[in-house]
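To start, the structure itself, in structure tokens.
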Amino acid sequence: MKRVIILFALTFVCFAGICQQTKVYTIAANQVKAKVSPYMYGIFFEDINMAADGGVYAELVKNRSFEFNTALTGWKEQQKNGGAGKVTVVNRADDRPENPHVITVDVTSPAGYFGLSNEGFRGMGIKKGETYNFTVMARKPSKNSTAIQVELHSAKGLVIGKAQLAPVSTNWQKYHVQFVATATDSKASLFVWLKGKGSVDLDMISLFPAHTWKNRPAGLRADLVQKLADLKPGFLRFPGGCIVEGRDLANRYQWKKSIGDIDKRENIINRWNTEFAHRPTPDYYQTFGLGFMEYFLTAEDIGASPLPILNCGMACQFNTGQLVALDKLDPYVQDALDLIEFANGGLNTKWGKLRADLGHPKPFNLKMMGVGNEQWGEQYIDRWKVFTKAIKDKYPYIQIISSVGPYASGKEFDLLNTTFRGLNADILDEHYYNSPKWFLDHANRYDNYDRKGPKIFAGEYAAQSKTTGSPDNKNTLECALAEAAFMTGLERNADVVVMASYAPLFAHVDAWQWTPDLIWFDNLRSYGTPNYYVQQLYSLNKGTDVIPLLDGDKAVSGQDGSYATACLDKSKKELIIKFVNSTDKSQSVEFNISGINISGRATMISLGNTDKTIMNSLDKPMAISPITSTMVVNGKAVKLSVAPNTFKVIKLKTL
Ligand code: AHR
């Protein structure tokens, strides 16, 4: 026997004498609360966890130009069938300061083979039937018949691909050969054999799959970029993160050194190489093969607005905190101005012409830029003022992203928040790496923010299952649901929060420094975490207009394990309700819709599980992933029971 008792905004659904409290919400679908920003929801990219080198940048050879501090890191001398010789590292810094090291391989035996093997980034991911491009810069100090044989070896030592080439010139030249792999292996290695007595100089020894994102030569890993494209992101923030700042200023990211000929991009140590004593990564460097041109192109490819973040004359304040004196800031400011010209300038400008020469005459339509990454203190404010004045004087249309420090509250946050509001800053970049409970408790964070002040960019956030920085943090469903709950507050406050991005983005399962991360990968495979699917569900269902969702006569702000928000997608003619049940009990809910007519069938997308500790993995990439179903709707009330630990997106066609 079923009966319904209405009590304000609560209803009790009873079955066989057991009553379950129903949360009743009202949705006023004919009232627009706020327009959804076109930048929602975006991507935060940083070369951390081998995200670029060893990750999305598809180069398979580690230390291809011998620039690591120990020049032969990743390489091993090899000989077979009586081959003999020696490898010498030569420093030509006087001629080529940006690419000083090359090797000379002297083959001393006419018999057999001598050469080197490269271990790749925790191995090389090779696929059977795929074509690979081997390239090398080579020259022969004097004429000889020494030839190169390239081999791919499986982890078990079997040859799974090979090719030959014969450098001839006594001048540096680039040589190229293509071959097809005969087997799949995620831990393969490359052997570069030399045969025949004589000596050869080598540099930029490189191996790429021919199949990359958009099949660009020496491009990006297609499966990983596809995962980004599948998010349909509003913006792409690059290149970080602390990597913008560097441990010291010498180690900062300099965009001008990241464009143009690949062998002229100066390699530096990756600042995450030594950051965590518990996760040392001594073989982590930046080749800048993924540089600013590639970042802009990728943003364009995936329909995201580019968001470069530039060093503002401050090294990472968690490290050296080195500062550039205010009267020496000009080159840094000039880098920012030149970058805008590079992205948007006409072909008659120096930097716009360079963009065209690099293959992109059309502007990149840059609209915003970050001044500093995660800076704080008076010294940041001083430098921010200099940058902001210079940028706004020349390019008043550029929106400036300003840091309010690494934490969601506290004295650093308060100083910057108050100061930048006083200075009419455009967009404030807030960061929070906190517990799942913090995210649940702060779903109402923006409900009372000043509606007339700067807009908010939730620039880096992720729920931490243990503590911030702990290597034991996991990408659990519990963390993902806490973020989904918090994001109801981002959507509800669309008039204030205009951008948001989970961080960090990528992590190599064998080479990470920081966890949790949105997407994990090895050399062949990748998977999205539950957190990834939360981001995707928000992004694909962001709508165009947020509408009021009320509990009784009060706007919902999220509590007691129930979080909800609603929007319209006017172009797709949809009403979209998002609901999070973060408790371990099912929750009965009813949404009463007024102001529009809806069709009698709803599409329901669910992300949930009774076990909130569940995670995805390379072997079970979809263990927790969205499941779509449909449901009949009677009249204008959507009634459903939401399972424990579940994020639901309910979509209704409007009539
Ligand atoms: O996302 C990892 C790091 O966290 C970023 O590099 C930095 O901005 C923040 O402290």
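The residues of region 231-249 that are assigned to a loop (DSSP other than H, G, I, E, B) and of a type outside the set (Lys, Arg), listed by number, are LEU231, PRO233, GLY234, PRO239, GLY240, GLY241, GLU245, GLY246, ASP248. Going through region 236-249 one residue at a time, which ones are of a type in the set (D, E, K, R) and open to solvent by less than 20 Å² (accessible area, probe 1.4 Å)? Of everything in region 236-249, those that are of a type in the set (D, E, K, R) and open to solvent by less than 20 Å² (accessible area, probe 1.4 Å) turn out to be ARG237, GLU245.
Name the strands (runs of 3 or more DSSP E) wholly within region 610-655 that hold at least 1 residues that are over 13 Å from GLU590 (Cβ atoms) and over 30 Å from the mean Cα position of the chain (by Cα)? Break it down into steps so the answer makes sense when it comes.
Details: elements: 627-632, 637-642, 646-654.
Counting at least 1 such residues, we get 627-632, 646-654.
Applying the criterion of being touching a residue at least 60 places away in the same chain (Cβ under 8 Å) and in a loop (DSSP other than H, G, I, E, B) to the residues of region 516-527, the residue that is nearest to the ligand (Cβ to nearest atom) is ASP517.
Looking only at residues in region 250-269 that are open to solvent by 20 Å² or more (accessible area, probe 1.4 Å) and part of a helix (DSSP H, G or I), the one that is nearest to the ligand (Cβ to nearest atom) is ALA250.
Listed by first and then second residue, the pairs linking a residue in region 449-464 that is β-branched (Val, Ile, Thr) to a residue that is modelled with pLDDT under 95, with Cβ atoms under 9 Å apart and 6 or more places separating them unless they lie on different chains, form an empty list.
Taking the criterion of being modelled with pLDDT of 95 or more, within 16 Å of the ligand (Cβ to nearest atom) and surrounded by 18 or more Cβ atoms within 10 Å (Cβ to Cβ), would at least one residue in region 443-457 satisfy it? Within region 443-457, one or more residues are modelled with pLDDT of 95 or more, within 16 Å of the ligand (Cβ to nearest atom) and surrounded by 18 or more Cβ atoms within 10 Å (Cβ to Cβ).
For region 393-414, taking the residues that are touching a strand residue (DSSP E or B) at 6+ places or on another chain (Cβ under 6 Å) and of a type in the set (A, V, I, L, M, F, W, C), the one that is farthest from the ligand (Cβ to nearest atom) is identified as ILE398.
For ALA390, the conditions (1) away from the ligand (no atom under 14 Å from the Cβ); (2) hydrophobic (A, V, I, L, M, F, W, C); (3) without any contact (Cβ under 8 Å) to a residue 40 or more places away in the chain all hold with the exception of (3).
For region 554-602, which fully contained strands (runs of 3 or more DSSP E) count at least 3 residues that are buried (at least 24 other Cβ atoms within 10 Å of the Cβ)? Strands (runs of 3 or more DSSP E) meeting the threshold: 562-569, 574-581.
Considering ASN493, ASN475, the condition of being open to solvent by less than 40 Å² (accessible area, probe 1.4 Å), of a type outside the set (D, E, K, R), out of contact with any strand residue (DSSP E or B) (no Cβ under 6 Å at 6 or more places or on another chain) and within 16 Å of the ligand (Cβ to nearest atom) is satisfied by ASN475 alone.
Summed over region 75-95, residues that are open to solvent by 20 Å² or more (accessible area, probe 1.4 Å) and either touching a residue at least 40 places away in the same chain (Cβ under 8 Å) or in contact with a helix residue (DSSP H, G or I) (Cβ under 8 Å, 6 or more places away or on another chain) (or both) total 6.
Counted as qualifying within region 153-227 are the strands (runs of 3 or more DSSP E) with 1 or more residues that are without any contact (Cβ under 8 Å) to a residue 60 or more places away in the chain and open to solvent by less than 20 Å² (accessible area, probe 1.4 Å), namely 159-165, 173-180. Candidates in region 336-374 are the residues that are touching a strand residue (DSSP E or B) at 6+ places or on another chain (Cβ under 8 Å) and assigned to a helix (DSSP H, G or I); of these, the one that is nearest to CYS316 (Cα to Cα) is ALA336. Would you call ALA511 closer than 20 Å to VAL580 by Cα, in a loop (DSSP other than H, G, I, E, B) and either away from the ligand (no atom under 11 Å from the Cβ) or among the hydrophobic types (A, V, I, L, M, F, W, C) (or both)? No; evaluated as a whole, the condition is false for this residue. On the basis of being charged (D, E, K, R), in contact (Cβ under 8 Å) with a residue 12 or more places away in the chain and either surrounded by fewer than 19 Cβ atoms within 10 Å (Cβ to Cβ) or not in a helix (DSSP H, G or I) (or both), does ARG383 make the cut? Against the criterion (charged (D, E, K, R), in contact (Cβ under 8 Å) with a residue 12 or more places away in the chain and either surrounded by fewer than 19 Cβ atoms within 10 Å (Cβ to Cβ) or not in a helix (DSSP H, G or I) (or both)), ARG383 does not qualify.
Is it the case that TYR433 is in contact with a Pro (Cβ under 9 Å, 6 or more places away or on another chain), within 16 Å of the ligand (Cβ to nearest atom), of a type outside the set (Asp, Glu) and part of a strand (DSSP E or B)? Give the derivation first.
On the way: in contact with a Pro (Cβ under 9 Å, 6 or more places away or on another chain): yes; within 16 Å of the ligand (Cβ to nearest atom): yes; of a type outside the set (Asp, Glu): yes; part of a strand (DSSP E or B): yes.
In short, yes.
The values are calculated or read from the model by the stated rules, or taken from the named source; none is laboratory data. Remember, it's a predicted structure, so these values are computed and weren't measured experimentally. Here Cβ is always computed from backbone atoms with ideal geometry, including for glycine, and neighbour counts include all displayed protein chains. Just so you know, the surface numbers come from the protein's heavy atoms only, side chains and all, with ligands and any DNA or RNA stripped out. Shrake-Rupley method; radii C 1.70, N 1.55, O 1.52, S 1.80 Å.
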